[in-house]
Amino acid sequence: MTFEVCIDIDAIGFVNSQNDKSRRIIETRLKSLEQDPFPGKGGDKELLNLRPDVKIYRLHIGHSFTAFYEIEGRIVFVN
């Protein structure tokens, strides 16, 4: 079961502005959301408890980057 990952245009611009190594790391971690975007073992993903009706997730990418995303059905929206 896979998910479609949609990345916000501003996020794409940020990723593209990084050096090759950082860009490769970010792209690899974002691609991993296709297989399992939900928090679980490993601790690199977590659900933020903002409001009962809002589910925002956080993905830690190395020590330098964090991605925020929402899941709607089979689509992951990265902001």
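The values are calculated or read from the model by the stated rules, or taken from the named source; none is laboratory data. Owing to the predicted nature of the structure, the values given are computational and were not obtained by experimental measurement. Heads up, the Cβs are rebuilt from the backbone with ideal geometry, glycines too, and the neighbour counts pull from every protein chain shown. The area values use the complete protein model at the heavy-atom level, side chains included, leaving out ligands, DNA and RNA. Shrake-Rupley method; radii C 1.70, N 1.55, O 1.52, S 1.80 Å.
Provide the net charge surrounding residue 66, with neighbours chosen by a C-beta distance below 12 Å and charges set as Lys +1, Arg +1, Asp -1, Glu -1.
Numbers: positive: 29, 45, 58; negative: 44, 46.
Value of the local net charge: +1.
Between residue 1 and residue 31, take the C-beta separation as r, use R0 = 22 Å, and let me know the FRET efficiency to the nearest 0.05.
For residue 1 and residue 31, the calculated efficiency is 0.90.
Hey, any idea what % of the chain's accessible area is carbon plus sulfur with a 1.4 Å probe?
The nonpolar share, carbon plus sulfur, comes to 52 percent.
Per q in 0.20, 0.28, 0.32 Å⁻¹, report the Debye log10 I(q)/I(0) for segment 22-73, using one uniform scatterer on each alpha carbon and no solvent.
Summing over Cα pairs of segment 22-73 leads to -0.70, -1.22, -1.41.
Over the chain, with the other protein chains present, what is the accessible area per residue in square angstrom, probe 1.4 angstrom?
Numbers: 5480 Å² over 79 residues.
Accessible area per residue: 69 Å².
What is the chain's relative contact order, in percent, from Cα pairs under 8 angstrom and six or more apart in sequence? Before the final figure, lay out the partial values.
Numbers: 110 pairs, mean separation 27.8, N = 79.
Here the relative contact order equals 35 percent.
Points 7 angstrom from Cα along the Cβ direction at residue 19 and residue 54: gap in nanometres?
3.5 nm
Positive end of the charge dipole of the chain (Lys, Arg +1 and Asp, Glu -1 on Cβ, about the Cα centre): tell me which of 43, 57, 9 has its Cα farthest that way.
43
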